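Structure first, commentary second.
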Amino acid sequence: MAITNSKGDLVRIDVRTIQIPTPRLLLRPWMDSDLEDFFAYASIPAVGEMAGWKAHESLGAALSFLRSDWFRRECLAIYHLADKRVIGSFGMHDSWAAQDKRYNHLASIDLGFVLHPSYWGHVIAPEAAQAVIAFAFAHMDVDIITCNHFDTNTQSKRVIEKCGFTFDHEKTIHAPQLSKHFNQMHYILTK
């Protein structure tokens with residue numbers, strides 16, 4: 001992933017060098033030893049479908065995904081310190097704002113997160129999101145951060161709103177892995 005910062009410089013982002021601590025979590029690079037924890041949530045259909053992908057059907061498929069270059073470069077593991085396990089992932093991706101005339105002069109990244117259902121409702125996602133937002137604005141030279149959710153995903157909507165994002169627009173997208181169309185709500189947060 002690469003972004004153009006506010007000075008016009010191309011900046012390559014690689015989360016494999018990033019660690020972000022919070023009171024309960026450590027957002028850190030993925031390791032092969034995280035496979036069983038990853039599969040524990042990535043194999044649950046409802047988890048992937050909320051993000052537009054199919055549940056992983058085997059450990060082998062999960063390992064292949066976990067080892068993929070783009071996943072390792074763009075996604076951090078959400079490690080729960082007390083439970084000593086990975087409970088989700090937090091991605092930093094190319095933003096839709098880079099293609100939008102209103103924002104393409106600004107450096108941007110897009111955030112995405114997935115969490116094991118056992119941890120839904122425990123304010124884990126907002127804790128992780130706020131830490132990543134603070135890190136991105138302080139250390140990645142971005143001007144804006146974007147994120148999105150399917151209109152049916154009220155949990156993500158609440159997290160996004162708690163973090164101070166402003167609704168920008170709605171767009172219908174096709175999720176090829178699920179062979180479905182979704183209304184996707186797009187949000188923005190400025191530095």
Inset, instruction - Answer with yes or no whether residue 131 is small (Gly, Ala, Ser), surrounded by fewer than 22 Cβ atoms within 10 Å (Cβ to Cβ) and under 19 Å from residue 74 (Cβ atoms). - result: yes
Inset, instruction - Tell me, please, whether a residue that is aliphatic (A, V, I, L, M), open to solvent by less than 50 Å² (accessible area, probe 1.4 Å) and over 17 Å from the mean Cα position of the chain (by Cα) can be found in the stretch 171-178. - result: yes
Legend entry - Residue among 82, 62, 77, 42 that is more than 26 Å from residue 167 (Cα to Cα), at pLDDT 95 or above, open to solvent by less than 50 Å² (accessible area, probe 1.4 Å) and among the hydrophobic types (A, V, I, L, M, F, W, C): 77
Legend entry - Pairs, first within 15 Å of residue 177 (Cβ to Cβ) and β-branched (Val, Ile, Thr) in the stretch 62-79, second modelled with pLDDT under 90 and exposed (fewer than 12 other Cβ atoms within 10 Å of the Cβ), C-beta under 9 Å, six or more apart: none
Inset, instruction - Only residues that are open to solvent by 20 Å² or more (accessible area, probe 1.4 Å), assigned to a strand (DSSP E or B) and either under 21 Å from residue 70 (Cβ atoms) or of a type in the set (Phe, Trp, Tyr) (or both): list them for the stretch 85-113, please. - result: 93, 112, 113
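The values are calculated or read from the model by the stated rules, or taken from the named source; none is laboratory data. In this text the structure is predicted, and so the values were computed from the model without any measurement. All Cβ positions, glycine included, derive from the backbone under ideal geometry; neighbour counts span all protein chains shown. Ligands, DNA and RNA are stripped out before the accessible areas are found, and what is left, the full protein with its side chains, is counted by its heavy atoms. Shrake-Rupley method; radii C 1.70, N 1.55, O 1.52, S 1.80 Å.
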